[in-house]
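Note sheet for the following structure.
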Amino acid sequence: MDFRELQDRYKAEQRKVTEDKIIVGGLFRTILSTNDGLKFKDGRTSKPKRMIIVGIDKTTKTCYGTVLVNTKMSPLAQVSPQYFATQYCLKQKNYPEYLDYDSYVDCGVLFAISFETLKAGEYFGVLNQNDITSIFDILETTKAISTKDKKRFNIRRR
């Protein structure tokens, strides 16, 4: 086995999703589909997506309150100042091993993703505390997410 193969194996092992890695602030990539609540305009039914965990229910093994990370800002942000305020920029310089460019966290929509779906994907690491705090500030104050959903997903002012 050459050095490159050892590196690839190590990287694969580091990115393997295990329950102990499923924590608030964790950054993952897995395949999501229309069954998970995604909507596609191009006829696709599934797509690999990066996401950040903002809440976990260990009893039902569901990551409740998962927000998606997108390459570009959501198109809704261009037409709605309220929705624009739900977009948070993750700087590539803070996560060079996970992001190829600045990316946008869409804090205007929450998704419930099962542990099993996450385990089929990849783990990238945990966001820094400043980014986690900023994302929660948006989630807690936005009007784009109903009070009912904030309660459901345990999103509240600390």
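Listed residues 45, 18, 62; which is of a type in the set (Val, Ile, Thr) and open to solvent by 70 Å² or more (accessible area, probe 1.4 Å)? If you could, list the steps in order and put the result at the bottom.
Numbers: 18 fails: open to solvent by 70 Å² or more (accessible area, probe 1.4 Å); 62 fails: open to solvent by 70 Å² or more (accessible area, probe 1.4 Å).
Of the residues listed, the single one that is of a type in the set (Val, Ile, Thr) and open to solvent by 70 Å² or more (accessible area, probe 1.4 Å) is 45.
Would you confirm, using the coordinates I've provided, whether residue 61 is closer than 20 Å to residue 25 by Cβ, among the basic types (Lys, Arg) and in contact (Cβ under 8 Å) with a residue 24 or more places away in the chain?
So residue 61 passes the test.
Go through the range 65-82 residue by residue and tally those that are of a type in the set (Val, Ile, Thr), within 18 Å of the chain's Cα centre (by Cα) and open to solvent by 20 Å² or more (accessible area, probe 1.4 Å).
Counting residues in the range 65-82 that are of a type in the set (Val, Ile, Thr), within 18 Å of the chain's Cα centre (by Cα) and open to solvent by 20 Å² or more (accessible area, probe 1.4 Å) gives 1.
List pairs: first in the range 26-39 and in contact (Cβ under 8 Å) with a residue 40 or more places away in the chain and of a type in the set (Ser, Thr, Tyr), second open to solvent by 20 Å² or more (accessible area, probe 1.4 Å) and in a strand (DSSP E or B), Cβ under 8 Å, 6+ apart or cross-chain?
Matching pairs, first to second residue: 30/48; 30/49; 30/122.
As an exercise: evaluate residue 85 against (1) over 13 Å from residue 104 (Cβ atoms); (2) over 16 Å from the mean Cα position of the chain (by Cα); (3) touching a residue at least 40 places away in the same chain (Cβ under 8 Å) and give the number of the one condition it does not meet.
Among (1) over 13 Å from residue 104 (Cβ atoms); (2) over 16 Å from the mean Cα position of the chain (by Cα); (3) touching a residue at least 40 places away in the same chain (Cβ under 8 Å), the lone unmet condition for residue 85 is (1).
Report, by residue number, each residue of the range 111-133 that is open to solvent by less than 30 Å² (accessible area, probe 1.4 Å) and within 21 Å of residue 71 (Cα to Cα).
Of everything in the range 111-133, those that are open to solvent by less than 30 Å² (accessible area, probe 1.4 Å) and within 21 Å of residue 71 (Cα to Cα) turn out to be 111, 113, 118, 121, 124, 125, 127, 131, 132.
Can you tell me which residues in the range 112-158 are in a helix (DSSP H, G or I), among the hydrophobic types (A, V, I, L, M, F, W, C) and more than 22 Å from residue 90 (Cα to Cα)? If you could, list the steps in order and put the result at the bottom.
Filtering the range 112-158 for residues in a helix (DSSP H, G or I) gives 115-119, 129-141, 147-152.
Add one more test, that the residue is among the hydrophobic types (A, V, I, L, M, F, W, C), and what stays is 115, 118, 132, 135-136, 138-139.
Selection gives 115 alone.
The values are calculated or read from the model by the stated rules, or taken from the named source; none is laboratory data. Quantities reported herein were computed from a predicted structural model and do not represent experimental measurements. Cβ coordinates were reconstructed from backbone atoms using ideal geometry, including for glycine residues, and neighbour counts include every protein chain displayed. Areas reflect the complete protein model, heavy atoms only, side chains present, ligands, DNA and RNA absent. Shrake-Rupley method; radii C 1.70, N 1.55, O 1.52, S 1.80 Å.
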